[in-house]
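Please treat every number below as a calculation from the coordinates, not as lab data. Computed from a predicted structure; not experimentally measured. A quick note on method: Cβ atoms are made from the backbone with ideal geometry, for glycine too, and the neighbour counts reach across all protein chains shown.
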Amino acid sequence: MITNVEVEVRGRKLSIETGEIAKQSDGAVVVKYGDTVLLATAVADKKIKEGLDFFPLTMDYQEKTFSAGKIPGGYFKREGKPTEKEVLTSRLVDRPMRPLFPKGFRSETQGIVSVLSFGDENASDVLGITGMSAALTISDIPFNGPVGAVRVGLLKGELVINPDLSEVESLELNIVVAGTEDAVIMVEGGASEISERILLDAIEYGHAEIKRIVAVQHELRSLAGKAKRPLIQKEENVELQNSVKAYVLDRIKEHIAIPGKQRRQEALDILLDETLKHFEAEEKGLTKDIANIFFDIEKDLVRKMIINEGVRADGRRPDEIRQITSKVGFLPRAHGSALFVRGETQALVAVTLGTSEDEQKIETLEGETYKTFMLHYNFPPFSVGEVKPLRSPGRREIGHGALAERSLKPIIPSKEVFPYTIRIVSDILESNGSSSMATVCGSTLALMDAGVPIKAPVAGIAMGMIQEGDKTVVLTDILGLEDHLGDMDFKVTGTEEGITAFQMDLKTGGISKEVMEKALEQARQGRVFIIGKIKEALASPRESLAPHAPRIYTMQIKQDKIRDVIGTGGKVIRGIIEQTGVKIDIDDSGLINIASADETSAQKAIEIINGIIAEAELGRIYLGKVKRITDFGAFVEILPGTDGLLHISQISEKRIAKVTDELQEGDEVLVKVIEIDRQGKIRLSRKEAMREKAGHPKSD
């Protein structure tokens with residue numbers, strides 16, 4: 001039986017349907033919004049794996065190219081490795097779902113969102129969140145949803161829900177908001193230096209629409225939902241909990257106050273090993289139980305210390321930022337570089353400047369685009385003292401890089417102002433929380449070190465939150481421990497003028513507007529403080545590029561001269577490149593970019609091009625070459641591709657019977673332009689040129 005529910009979102013019908021396809025999954029829905037159609041399925045293993053101390057959840061989003069009427073590019077004509085957008089959207093779907101599964105649920109669970117039809121609604125990612133929530137809600141899988149999601153944009157000063165593709169480029173704010181009927185639990189997006197007030201209004205505006213989307217999911221569940229499978233909770237061993245607590249409580253208190261991540265963790269690890277031996281955990285099969293009890297005690301102590309004493313694990317106050325140091329010009333051969341250090345987090349950032357040949361071609365369902373600004377984030381295992389095989393970037397690395405790139409994009413100069421392709425690489429050398437925000441700060445310094453004329457410095461800061469009962473403490477510049485044990489991961493980036501990117505994930509049921517306002521204001525103060533530290537290292541972009549960076553010189557030529565510079569089959573432009581060693585790019589407007597690390601080569605190329613595009617000037621003398629002889633005169637090339645007629649009467653002061661008496665093809669001859677008619681035809685005079693050269697006045 002097919003069941004369908006509907007709600008109108010920004011003038012379009014959003015429908016969620018179940019009962020027709022993918023019926024062997026635990027929950028499956030088809031979501032339709034305009035021309036966009038997607039399938040969301042959820043399946044959880046009926047067997048419970050023993051000994052799991054984590055929830056094995058996987059969320060995947062995949063785009064079928066047929067959904068946009070396209071065939072995949074490249075050699076293999078089928079979908080392969082997930083694109084960056086698919087990876088980022090998979091994370092976007094995962095993040096609001098994960099905290100809503102009940103504690104203790106350990107069955108392996110997989111959700112898949114498949115885009116079957118792609119329209120201009122620009123909504124497949126937010127529909128994926130809604131669809132996955134609906135699939136879980138009607139399934140027998142334990143889930144404390146439902147969740148709804150919308151995109152909120154600021155267009156010409158007005159907030160809009162789900163702006164379409166034609167509006168995206170004009171948005172001053174572009175965020176995805178996800179939440180339950182009671183609270184917002186995830187926000188992610190970018191902006192053009194907007195205020196905290198506008199962001200709060202946008203989140204509130206989005207949540208009002210989310211409540212309507214959640215309501216129809218409740219309706220769908222009442223019509224077609226399955227009974228939830230029983231949640232098997234492991235019986236707690238209260239006696240063991242009390243015994244372990246009595247044995248370790250005081251010493252854990254001492255150890256969590258040890259400054260330094262490694263020293264603190266080493267002390268806790270030694271204490272845990274001692275505790276396991278004391279209780280003969282291995283022999284009695286209690287290793288995981290005791291380790292979990294130990295972790296719960298540590299978590300409870302850290303949280304209570306913050307709530308009751310206002311003191312954090314490293315001794316800081318809730319709003320205090322760790323010590324910051326920076327170095328620029330760290331790598332001599334890089335075009336720009338910086339080492340940004342905040343506490344025990346280090347980001348080594350390098351900037352490389354390239355030409356249009358280095359632009360990245362992106363093929364998506366929306367169409368082909370080219371990226372001239374890229375940021376790549378790497379998180380090697382040694383940064384946290386671990387041993388792992390090096391692999392291609394994972395979801396976390398791609399997500400952190402995308403957040404940092406979004407943060408900096410509003411301050412990157414336009415191609416007209418700075419015609420370079422810019423690539424930033426951030427390698428995290430040491431990590432104890434907030435490495436993505438260190439990447440933003442280090443990237444700002446590296447860009448200025450490279451001489452990129454950025455609009456303003458950007459800084460990023462990660463905020464956290466601890467909630468216990470009616471008490472809430474907002475933390476500035478969180479440690480890895482506070483991220484792990486806390487209730488919120490809330491990243492804000494921006495300039496002194498406003499916010500450029502925002503990402504919030506909650507591990508609790510939600511956050512009040514008052515706490516959100518406090519967190520945003522605390523983040524603003526922290527951001528401004530860090531920008532001050534950035535300016536201490538380097539106040540503004542360097543006036544010149546690094547010696548090893550390519551120089552790009554621009555020329556603007558007439559559009560009808562483009563073919564002359566390119567030549568038949570590109571022969572002319574290839575010849576210039578071979579002769580000078582430069583890189584040349586010409587667009588349809590006639591803008592020419594000439595790139596070279598050697599100024600002499602670039603100037604030589606400019607001279608050649610100027611020669612090609614030069615136009616004859618009335619009254620000017622040229623040294624031309626005789627190209628063709630006729631009975632009435634000779635055609636002389638005065639500029640590359642430009643000929644003029646030298647009439648027989650203008651060849652010599654004396655009367656001549658035949659042109660060949662004075663000139664032969666291939667001769668070089670001085671001529672003066674004496675007329676250019678409306679059709680552009682040129683008349684030349686050798687007599688006038690010779691007379692003027694000799695210093696005689698023009699004859700009547």
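Distances between placed amide hydrogens fall under 5 Å for residue 364 paired with 369, all partners being 5 or more residues away or on another chain. Checking every one of the chymotrypsin sites (Phe, Trp or Tyr not before Pro) in the range 588-639 against DSSP loop status and a limit of 15 other Cβ atoms within 10 Å picks out 632.
Here is the list for the range 54-154: chymotrypsin sites (Phe, Trp or Tyr not before Pro) lying in DSSP coil, each with at most 14 other C-beta atoms within 10 angstrom of its C-beta, are 54, 75, 76. Separation of the range 374-436 and the range 1-73 by C-alpha centroid, Å? If you average the Cα positions of each part, the centres end up 31 Å apart. Our coupling estimate for the range 380-394, obtained by passing each phi through the Karplus curve with A = 6.51, B = -1.76, C = 1.60 and θ = phi - 60°, is x, x, 5, 5, 10, x, 10, 10, 9, x, 6, 10, 5, x, x Hz, Gly and Pro reported as x.
Loop-only check: which trypsin sites (Lys or Arg not before Pro) in the range 25-55 are DSSP coil with at most 15 other Cβ within 10 angstrom? Can you show the working numbers first?
On the way: sites: 32, 46, 47, 49; in loops: 46, 47, 49.
When the trypsin sites (Lys or Arg not before Pro) of the range 25-55 are filtered for loop state and at most 15 Cβ neighbours within 10 Å, 46, 47, 49 remain.
Straight Cα distances below 17 angstrom link residue 658 to the lysines 627, 687, with same-chain residues fewer than 8 positions distant left out. Taking the fewest neighbouring Cβ atoms within 10 Å as the starting point, the ordered list for 132, 488, 305 is 305, 488, 132. Straight-line reach from residue 518: taking Cα to Cα under 13 Å and skipping same-chain neighbours fewer than 8 places apart, the aspartates and glutamates in range are 196, 319. Couplings 3J(HN,Hα) for the range 598-609, derived from phi with the Karplus relation 6.51 cos²θ - 1.76 cosθ + 1.60 (θ = phi - 60°), are 10, 5, 4, 5, 4, 5, 5, 5, 4, 4, 4, 5 Hz, where x marks Gly and Pro. Find how many whole Å separate the alpha carbon centroid of the range 264-339 from the alpha carbon centroid of the range 587-664. Taking the Cα centre of each part, the range 587-664 and the range 264-339 sit 77 Å apart.
Here the 3J(HN,Hα) profile of the range 632-649, calculated from phi with Karplus coefficients 6.51, -1.76 and 1.60 at θ = phi - 60°, is 9, x, 9, 9, 10, 7, 9, 9, x, x, 10, 10, x, 8, 9, 5, 4, 6 Hz, Gly and Pro shown as x. Shown for 534, 586: other C-beta atoms within 10 Å of each C-beta, ranked fewest to most, produce the order 586, 534.
In the range 3-224, how many lysine pairs have Cα atoms under 14 Å apart, counting only pairs 8 or more places apart or on different chains?
Lysine pairs, 8 or more places apart or on different chains, close enough: 4.
Matching the structure-derived Cα extents along the principal axes in Å against the labelled list [x] 83, 74, 46; [y] 88, 64, 42; [z] 126, 62, 47 gives the label [z]. Among 226, 327, the ranking by other beta carbons within 10 Å of each residue's beta carbon, starting with the fewest, stands as 226, 327.
Considering only DSSP beta bridges where both residues belong to the chain, give the percentage that are antiparallel (nearest 5).
Around 90 percent of the beta bridges assigned by DSSP in the chain are antiparallel ones.
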